[in-house]
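Written below as structure tokens is the structure these notes are about.
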Amino acid sequence: MNSYTKHHIEKFYYKYKNREFCQDDVTLLLVLARDYTKKNSIFRELGDFLAHPDKKTRGLVIDSFKEVIDFFEENAEFVMDGGEIGIKRPVGLGALEEIQESLSEIFQMVEYSAITKDKNDLSFRDFVFCLILLLSNFKLQINSKLVEMKANYSNGLSLTISYESTELERNYLTLNVLFLNAVWITNSGSHTENINEHIVRRFSNGLLGAIPYELDTNELPSDMRDIERGKVWPLPDL
């Protein structure tokens, strides 16, 4: 590992432990660690998204969805009428525990200790929050279709794709790429906000918040309360 990469992984480790990182720090980590991870691993998949920003044509996420999407294409009417797909639910990017273990492996590359295995650890929740907003910028090419990934802020924060049937227009199969629970904790209903084209920043109260790109300027206030209501979508502490 070259010294520049090692230095930045070490810097990120301390930011992670102290909950001082934001989306840009996560992005740099993924870019630098990519070539030091195994093929078909979660962190190689994450780095590949950044290496192919316009569309991703293969990898763990597409492989995870392929069987259920192929079934949907062949049986769209049956599925839309409420029929059971009968296929194990796709894992998308992977379970949170798998992502957490992969992050630990990155830290161990620079001889730092593994992180906690608690998926509700606040630093890890921050990390997943950043991941979802980062990945919402990218697209997948599945069966010659270009499919957007979308970040949906509700009781949980989900990263999803909606795959349209070739035979039945405006009929979609929605699949989860990644999910973080307990996000909009005051939302007692099913209201959902799509927060694509947002970026995650850390504010003076120590919390992360997703804001629209147009607010992400040098004049961005450090106090989350100074931003207009409905313009910042926070990740509260559990």
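Return a yes/no flag: does region 104-117 have any residue that is under 24 Å from Leu168 (Cα atoms) and surrounded by 16 or more Cβ atoms within 10 Å (Cβ to Cβ). Steps first, please.
In the first step, residues of region 104-117 are kept if they are under 24 Å from Leu168 (Cα atoms); the result is none.
No, that holds for no residue.
Please specify each residue of region 153-170 satisfying the condition of being farther than 17 Å from Leu208 by Cβ, outside any loop (DSSP other than H, G, I, E, B) and open to solvent by 10 Å² or more (accessible area, probe 1.4 Å). Residues satisfying the conditions are Thr160, Ser162, Glu164.
Picking from residues in region 182-206 that are of a type in the set (Gly, Ala, Ser) and within 22 Å of Gln100 (Cα to Cα), the one that is modelled with the highest pLDDT is Gly206. Might you let me know whether region 6-15 holds any residue that is assigned to a helix (DSSP H, G or I), of a type in the set (A, V, I, L, M), surrounded by 19 or more Cβ atoms within 10 Å (Cβ to Cβ) and in contact with a helix residue (DSSP H, G or I) (Cβ under 6 Å, 6 or more places away or on another chain)? No. Selection within region 52-70: residues that are assigned to a helix (DSSP H, G or I) and open to solvent by 90 Å² or more (accessible area, probe 1.4 Å). The member of this set that is farthest from Gly86 (Cα to Cα) is Asp63. Is it the case that Asn176 is in contact (Cβ under 8 Å) with a residue 60 or more places away in the chain and under 19 Å from Pro90 (Cβ atoms)? Taking the combined requirement at face value, the residue satisfies it.
Phe179 meets each of the listed conditions (1) more than 30 Å from Glu77 (Cβ to Cβ); (2) of a type in the set (Phe, Trp, Tyr); (3) at pLDDT 95 or above; (4) out of contact with any helix residue (DSSP H, G or I) (no Cβ under 6 Å at 6 or more places or on another chain) apart from (1).
If I ask for residues that are in contact (Cβ under 8 Å) with a residue 40 or more places away in the chain and more than 14 Å from Tyr172 (Cα to Cα), which ones from region 74-90 would you list?
Taking region 74-90 and keeping what is in contact (Cβ under 8 Å) with a residue 40 or more places away in the chain, we get 76-77, 79-80, 90.
Within region 74-90, just Pro90 meets the criteria.
The residues in region 87-103 that are surrounded by 15 or more Cβ atoms within 10 Å (Cβ to Cβ) and assigned to a loop (DSSP other than H, G, I, E, B) can be counted, and the count is 5. Among the residues of region 119-150, the ones that are in contact with a Ser or Thr (Cβ under 7 Å, 6 or more places away or on another chain) and either surrounded by fewer than 16 Cβ atoms within 10 Å (Cβ to Cβ) or more than 25 Å from Ala76 (Cα to Cα) (or both) come to 2 in all.
Among the residues of region 171-190, count how many are under 24 Å from Gln23 (Cβ atoms), open to solvent by less than 80 Å² (accessible area, probe 1.4 Å), hydrophobic (A, V, I, L, M, F, W, C) and outside any loop (DSSP other than H, G, I, E, B).
In the first step, residues of region 171-190 are kept if they are under 24 Å from Gln23 (Cβ atoms); the result is 175-187.
Of the ones still in play, those that are also open to solvent by less than 80 Å² (accessible area, probe 1.4 Å) are 175-178, 180-184, 187.
Within this subset, residues satisfying the condition of being hydrophobic (A, V, I, L, M, F, W, C) are 175, 177-178, 180, 182-184.
After this cut, where a residue has to be outside any loop (DSSP other than H, G, I, E, B) as well, the list is 175, 177-178, 180.
Matching residues across region 171-190 total 4.
Looking across region 104-141, the residues that are part of a loop (DSSP other than H, G, I, E, B), of a type outside the set (Gly, Ala, Ser) and within 30 Å of Phe71 (Cα to Cα) come down to Asn137, Phe138.
Would you please name the residue that is nearest to Asn143 (Cα to Cα), looking only at residues in region 30-51 that are in a loop (DSSP other than H, G, I, E, B) and without any contact (Cβ under 8 Å) to a residue 40 or more places away in the chain? Step by step, filter region 30-51, then rank; the result is Asn40.
The values are calculated or read from the model by the stated rules, or taken from the named source; none is laboratory data. The model shown is predicted, which means the values in this text are computed figures rather than measured ones. Heads up, the Cβs are rebuilt from the backbone with ideal geometry, glycines too, and the neighbour counts pull from every protein chain shown. Heavy atoms of the whole protein, side chains included, go into the accessibility calculation; ligands, DNA and RNA do not. Shrake-Rupley method; radii C 1.70, N 1.55, O 1.52, S 1.80 Å.
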